[in-house]
Each structure stands twice: as C-alpha cells, then as structure tokens.
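Reviewing the structure listed below.
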Amino acid sequence: WTVPSLVLVSLLVMALFFGGIAKIIKSSGAYTGAVAIAQSHPLVISILGEPVCEGFFVTGNINTSGPTGEARLSAPINGPKGDATLHIVADKEAGQWQFDRLVLEVEATGKFFEITSHHDQDVQAAK
C-alpha cells in the first residue's frame, strides 16, 4: 500500500502545484485583459459563438519587475461553435499592459486571425 499511496500523494501535489500556477497566471492583468478583449471581439464571437469562455491549461510565461514586464501566453478559449487558442504577446510599461499581438488560432480549421489591430486579418501561417 505504501507505493500506491506515494504515487497518489505525488499526483495530488503536482495537481495542486500546476493548478496554483494556472491560477496565478489567470489572475494577471495580461491574461484577464486579453481574454476580455477576445470575449467582446466581433470576429471571435462570430467564430466561437457566445458566450466565449476560458479554458483551463494556460501555457507560457509572465515576467514582471515593478511597473514593467512581459507576457507570452497561449490560452484555450471556447464557445458553442468551437474551440480555439488565444496567443498573447504583451508588454507592461508604467504599470499598464499593452497587447502587441492577440492571435486567435481556430482548432477546427487551423486558421490564425490577428485580433489586435483595428482591422481583422487572416494570418494563416505555415504549420
């Protein structure tokens, strides 16, 4: 019983660790701001439907030092019409996050759409 118990405890500790990291990333201004933009963006809504919801496993990194920082994240989002990944490139200056790029990668089609600029563009990239 000792070995199965150790394995179970190890898995529980890992789940808590990764869940805690995900919670920290999801509470960052870079993540919350990017998701808010995606949830209200007409192109995202037309592709995924409403409501646009957050997924769980965010990957990437955030580095901050006082009022400056950078974030490079990939966040799953979904809606009634499908699933996608929101790729986030952001920099923090003077305490404010600026989104350099927000790219929606649509799971069903493999297409990429830039949603940062005022005009939506298909940024289909070679895979």
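Largest accessible area first, the listed residues ILE37, ILE115 line up as ILE37, ILE115 when surface is computed with a 1.4 Å probe on the assembled protein chains. Legend: calculated FRET efficiency, ASP100 to LEU6, from the Cβ-Cβ distance at R0 = 41 Å, rounded to 0.05, equals 0.35. Length available on full extension from SER65 to LYS111: 0.36 nm per residue minus the Cα-Cα distance, which gives 13.1 nm.
Note on VAL13/ARG72: beta-carbon distance plugged into 1/(1 + (r/R0)^6) with R0 of 25 Å gives a FRET efficiency of 0.40. Each residue was assigned an accessible area with a 1.4 Å probe, and for THR68 the value is about 70 Å². Here's how it looks for LYS111: its modeled amide H is under 5 Å from those of VAL106, which are all 5 or more places away or on a different chain. Once all protein chains are placed together, LYS81 keeps about 140 Å² accessible to a 1.4 angstrom probe. A 1.4 Å probe, protein heavy atoms only, puts the accessible area of SER65 near 80 Å².
The values are calculated or read from the model by the stated rules, or taken from the named source; none is laboratory data. These numbers come from a predicted model, not from an experiment. Cβ coordinates were reconstructed from backbone atoms using ideal geometry, including for glycine residues, and neighbour counts include every protein chain displayed. Ligands, DNA and RNA are stripped out before the accessible areas are found, and what is left, the full protein with its side chains, is counted by its heavy atoms. Shrake-Rupley method; radii C 1.70, N 1.55, O 1.52, S 1.80 Å.
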